[in-house]
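Here is the structure we will look at.
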Amino acid sequence: MLLWSIQPESLYVKLKAEKVLFCDPAQSELITECGFGPAYDWLAEQMVLRVGQPPAGVKYPFWAWHTVEWEHRKPDLRRMEFRSYSGNQVCIELEVPDKDVLLSNEDMWHLLLNDGYYRDCSNEQEYEAEDKWYKSLPSDEQLKVKRKSWEKIFDVSPLRENEWESHGKYVQATFWELRLDQVIEVRHFKGRIR
C-alpha cells in the first residue's frame, strides 16, 4: 500500500542511520501536551486487534496519509493541511504491506480527539433523536456506546459524503514501524510556521 508520511527532516536522517524506527511518544506534542493521549491509546488498542501486536516496547504507531481530497496519490504540500509544520520537513513515500496498515477516516478522528460520540445520522431529525437517546443512557453505558461508536472511523469505503460526514475524503494510515527499505521517495520541504 502506498502511503505518505510527513516527518521532521531529523527523523529521516535517523531512519537512514538506524534503518527501522518506532514512534517516540515524547516527540509527539499531540499525545504529551494536547491531552489526546486517551484517543491515541484507544487507537493503539484497535491496532493490536486489527493489525497485530506492536514490536516489544512500542506503544503508538506512525501516521501517514493514504487519501487527501478523495485521491490516493502524492499529497500536494501546498494544501492547507500541510501548512501547520515548522522547520525542515520531509514527505516520505512508503510502500507498506496492506496487512500492517490500519486505515481510518481522518475527519472523524477529530471526534475521538474531542471525546465525542459518533452518531449514525444523515439529517437533523435523526441527529436529534439519536442525541436524545444517547443522553438518556446512564454514564457508564454512554461510555461503552461512545467507545463502540468510534469504530466507525474505520469505515473509509465506499466513498460517500453528506452534510454530517464524509467517508474516504481524507484517509489516514497507521502502522507500527517505519522502515528504510519501504521508502520509495523523499520530498524535502520547509514548514510555514516560524
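The values are calculated or read from the model by the stated rules, or taken from the named source; none is laboratory data. If you're wondering where the values come from, they're calculated on a predicted model, not measured in any experiment. Counting neighbours? That spans all protein chains shown, and the Cβs are built from the backbone with ideal geometry, glycine included.
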Across segment 11-34, what is the total count of residues that are of a type in the set (A, V, I, L, M), out of contact with any Pro (no Cβ under 9 Å at 6 or more places or on another chain) and either outside any helix (DSSP H, G or I) or surrounded by fewer than 16 Cβ atoms within 10 Å (Cβ to Cβ) (or both)?
5
Residues of segment 59-69 that turn out to be assigned to a loop (DSSP other than H, G, I, E, B) and under 18 Å from Leu3 (Cβ atoms), as a count:
3
Inspect all residues belonging to segment 76-96 and state whether any of them is without any contact (Cβ under 8 Å) to a residue 60 or more places away in the chain, surrounded by 12 or more Cβ atoms within 10 Å (Cβ to Cβ), under 21 Å from His167 (Cβ atoms) and basic (Lys, Arg).
no
Checked segment 112-144 for anything loosely packed, with under 14 Cβ neighbours inside 10 Å, in a helix (DSSP H, G or I) and under 23 Å from the mean Cα position of the chain (by Cα); matches are Leu143, Lys144
Please enumerate the residues belonging to segment 35-51 that are without any contact (Cβ under 8 Å) to a residue 40 or more places away in the chain and either more than 25 Å from Lys144 (Cα to Cα) or surrounded by fewer than 17 Cβ atoms within 10 Å (Cβ to Cβ) (or both).
Gly35, Gly37, Asp41, Glu45, Val48, Leu49
Looking only at segment 74-96, which residues are touching a Phe, Trp or Tyr at 6+ places or on another chain (Cβ under 9 Å) and in a loop (DSSP other than H, G, I, E, B)?
Lys74, Pro75, Asp76, Leu77, Tyr85, Val96
Would you confirm whether any residue within segment 100-111 is without any contact (Cβ under 8 Å) to a residue 40 or more places away in the chain and in a loop (DSSP other than H, G, I, E, B)?
no
Among strands (runs of 3 or more DSSP E) entirely within segment 145-194, at least 1 residues that are within 15 Å of Val68 (Cα to Cα) and at pLDDT 95 or above occur in 170-175
